[in-house]
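First the structure, in the form of structure tokens, and then the observations on it.
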Amino acid sequence: MNGKNLVVSDDMVVRIEYTLTLADGEVVDSSAAEGPLEYLQGHGEIIPGLEAALFGMSVGEEKEIVVTPDLAYGEYDPDGYQLLPLDAFDDDVELEPGMALDLVDEETGEEIEAFIAEIRPDGIVVDTNHWLAGETLHFKVKIVGVRPALPEELEHGHAHGDGHEHHH
Ligand code: ZN
């Protein structure tokens, strides 16, 4: 083992076990099901509040981290809640509340993730807020691995871990 490589710092690929709990105690995400999360430190691959709190931790170390919305998924934006006309949707798609949608911003061409909040006779109410917007997040984290990133990972700005989707 090379001790120099075992501390979380920029350009290192970090593996964490974690449990994410909301303020009311509800567990909303955990590495227990799919195994540890692997990410590239210092490149904004994970939320800023978590990335900052993990910096400097060692392999094997555990920590409880509380992240406020401004350093997580942002405050809830009431303007993100809007009514779209029915003819904006394809007839052949069966729409249901809670369904995830990929919208495209007409000005920027950027893809926006949204979900259907409500189906009304005059249109579809969609919510573009992240489902964790406005939430204070409580993480229980254990560092289970740290390694230097590969050149390709640094170029892409994310870890190329096994078992994770590779988006470009
Ligand atoms: Zn990549």
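Each value in this text was obtained by applying a stated rule to the coordinates, not by laboratory testing. Since this is a predicted model, take the numbers as computed values, not measurements. No Cβ is skipped: glycine too gets one built from the backbone with ideal geometry, and neighbour counts run over all protein chains shown.
Here is how the numbers come out for the structure above:
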quantity	calculated
Full-stretch length increase - GLU34, THR108 - with 0.36 nm per residue and alpha-carbon distance subtracted	23.2 nm
The chain: radius of gyration over Cα atoms, expressed as a fraction of 2.2 N^0.38 Å	1.23
In sequence order, calculated HN-Hα J values of the stretch 13-25 (Karplus, 6.51, -1.76, 1.60; Hz; x Gly/Pro)	8, 10, 10, 10, 9, 8, 10, 10, 10, 8, 4, 7, x
Low-density loop cleavage sites - GluC sites (Glu not before Pro) in the stretch 79-157, where at most 15 other Cβ are within 10 Å (DSSP)	GLU94, GLU106, GLU107, GLU110
Mean ellipticity per residue at 222 nm, deg cm²/dmol - from DSSP H runs of n ≥ 4 across the chain, formula -39500 (n - 2.57)	-2000 deg cm²/dmol
Relative contact order %, the chain, counting alpha carbon pairs below 8 Å whose residues are six or more apart	34 percent
Distance between the stretch 40-55 and the stretch 120-143 - C-alpha centres, whole angstrom	20 Å
Sorted largest first, extent of the stretch 59-107 alpha carbons per principal axis (Å)	53, 24, 22
The stretch 81-127 - convex hull of the alpha-carbon atoms, volume per residue in Å³	77 Å³
